[in-house]
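Asker: This structure is in C-alpha cells; I'll ask about it shortly.
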Amino acid sequence: MDRQVGPSSAEPSSTPDPVQLAIRLGLLACLIYWTYILILPFVPILLWSTILTVALYPVFDGLARLLGGRPVVSATLITILCLSIVIGPASWLVFGLVEGVRLISEQLGAGNVSVPRPNAAIKEWPLIGNQLFDLWQLASTNLAAALGKFSPYAKPVATTILSTVGSVGIEILKFLVAVIVAGFLFIPGPRLVSSMRTFLAHVIPEHSEDFVALAGETIRSVSRGVIGIAMLQSLLAGIGFIVADIPGAGLFAFLVLLLGVAQIGCAILLVPMIGWYWLTRDPTAALLFTLYIVPVGFIDNVLKPIVMGHGSRTPMVVIFVGVLGGTLAHGLIGLFIGPIVLAVGWELLAAWMRDEAGRNALLQGEVEIEAGRLAANSVQPRTSLP
C-alpha cells in the first residue's frame with residue numbers, strides 16, 4: 001500500500017516570514033527616504049528645466065525643421081539664447097534688487113527717510129480713518145516704531161527676501177544650470193513624454209493621454225502668458241527707469257516683474273511714480289516718461305489675451321498663492337516655478353472633477369431612464385386571454 005508523500009521539510013514554506021518581510025520593507029523605506037534626501041536640493045532646478053523644455057519645445061521643433069532637421073544645432077542655439085537672457089537682463093534685475101535693498105537700508109540707517117504728517121480729514125474716512133491716521137502720525141514722528149507694528153506679519157517675507165538677496169549668486173547659478181539641463185532635454189523630450197504616459201496609464205488608465213496633454217498646455221500657457229509677459233514688461237520698464245534716471249531703477253524693475261507674475265498689475269507702482277516724476281522733474285522729461293511708461297504698463301493687458309486666448313483659465317488667486325508659496329519655499333527660482341506647478345495641479349484637479357461630474361450625471365441619467373421604463377411597464381394594461 002502506497003504511503004502518501006507529505007511536503008518535505010527541505011521545501012520553503014509558502015507563507016512569508018513576518019520578520020523578513022519587515023526587514024525588506026524597512027530597507028525599501030530607507031532607500032526611498034535617502035533617495036528623496038539626495039535629490040531634494042535639485043528638485044527646483046529639475047522642475048525649472050522641465051518647464052523650460054515644455055514651454056520652448058515648439059520653438060525647438062520649428063527651428064530644427066528650419067535648419068534642415070538638425071536638432072542638436074537647434075537645441076544649442078536656444079540654450080545659448082536662454083543663457084544670454086539669464087546672464088544679461090535677468091542678472092541685472094536680480095542685482096538691481098540687491099542694490100535697491102542696500103540703498104533702502106542705508107537710507108533708513110542714516111535717518112534720511114521722512115514721512116509727511118497726515119491730513120486731519122483722514123479721520124473722517126469710514127472704518128479705517130482713525131487707525132490709519134494714528135499709524136500715519138506715528139510714522140511721521142517715529143518711523144521705526146511704525147514699522148515695528150508690522151514686524152510680526154512682515155518677518156517671514158522679509159526673511160525670505162534677505163536670504164534671497166544674500167544668496168543671489170547661488171540663485172543665478174541655479175538658473176544657469178536649469179537652462180543647461182533644459183538644453184539636454186529637448187532631443188529626448190518625446191521619449192520622456194512617452195514614458196510619462198506609460199507611467200500615468202498605470203495610475204489613471206482612463207485619462208492618461210488627456211492629463212499629459214493638459215499639463216503641457218498649461219505649462220506653455222502660464223509660462224508664456226504670465227512669466228514671459230511679466231519679464232518683458234519688467235525689462236522695458238527697467239529701460240525706461242534707467243533712461244529717466246530714477247533712483248533704484250533695478251529694484252523698481254524687479255517689483256514690476258513681481259507684480260506681473262503675481263497677476264496684481266504694475267499700475268499700483270507706475271501711477272505714483274508718474275505723479276512723483278511730474279512733481280520733481282522737468283515737464284518735458286515728465287511728458288516723455290509718461291508717453292513711454294504708460295504703454296509699457298498696458299502690455300500685459302494687450303498680450304495676455306493673445307498668448308493665453310486658447311490656453312489655461314487658471315484663477316488669479318491660484319497664481320498668486322503659487323508665487324508666494326514658491327518664493328517662500330525655494331527662493332527666487334520658486335517665484336517662477338511656483339505658479340506654474342500650482343496651475344498645472346489646479347487644471348488637472350479641475351479636469352478630474354469635471355470628468356467625475358460628467359460620469360455621475362451619465363449614471364444618474366441611466367438610472368432615471370431605467371426607472372421610467374419600469375414605471376411604464378407597471379402601468380401598462382394587461383390584455384385578458386380569450
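The values are calculated or read from the model by the stated rules, or taken from the named source; none is laboratory data. As the structure is a prediction and not an experimental result, all values here were calculated from the model. Cβ placement follows ideal geometry from the backbone for every residue including glycine, while neighbour counts extend to all protein chains displayed. Each accessible area value is taken on the protein alone, full model and side chains, heavy atoms only, with ligands, DNA and RNA left out. Shrake-Rupley method; radii C 1.70, N 1.55, O 1.52, S 1.80 Å.
Asker: Under 20 Å from a point 7 Å along the Cα-to-Cβ line of Thr35: which residues of region 198-241 have their amide N that close?
Answerer: Counting only backbone N, you get 198-204.
Asker: Could you give me the ³J(HN,Hα) list for region 67-76, computed from phi with Karplus coefficients 6.51, -1.76, 1.60 and θ = phi - 60°, whole Hz, x at Gly and Pro?
Answerer: 8, x, x, 10, x, 5, 5, 4, 5, 5
Asker: At 1.4 Å probe radius, can you tell me the per residue accessible area of region 320-379 in Å²?
Answerer: Numbers: 3520 Å² over 60 residues.
Heavy-atom accessible area per residue stands at 59 Å².
Asker: Within region 287-350, which chymotrypsin sites (Phe, Trp or Tyr not before Pro) sit in a loop by DSSP and count at most 16 neighbouring Cβ atoms inside 10 Å? Walk me through the intermediate numbers first.
Answerer: Working: sites: Phe289, Tyr292, Phe298, Phe320, Phe336, Trp346; in loops: Phe298.
Here the chymotrypsin sites (Phe, Trp or Tyr not before Pro) that fit, given the DSSP loop and packing criteria, are Phe298.
Asker: Determine ³J(HN,Hα), in whole Hz, for all residues of region 203-211 in sequence, where each value follows from phi through the Karplus function 6.51 cos²θ - 1.76 cosθ + 1.60 and θ = phi - 60°; x replaces Gly and Pro.
Answerer: For region 203-211, the Karplus curve yields 8, 10, x, 6, 10, 5, 5, 5, 5 Hz.
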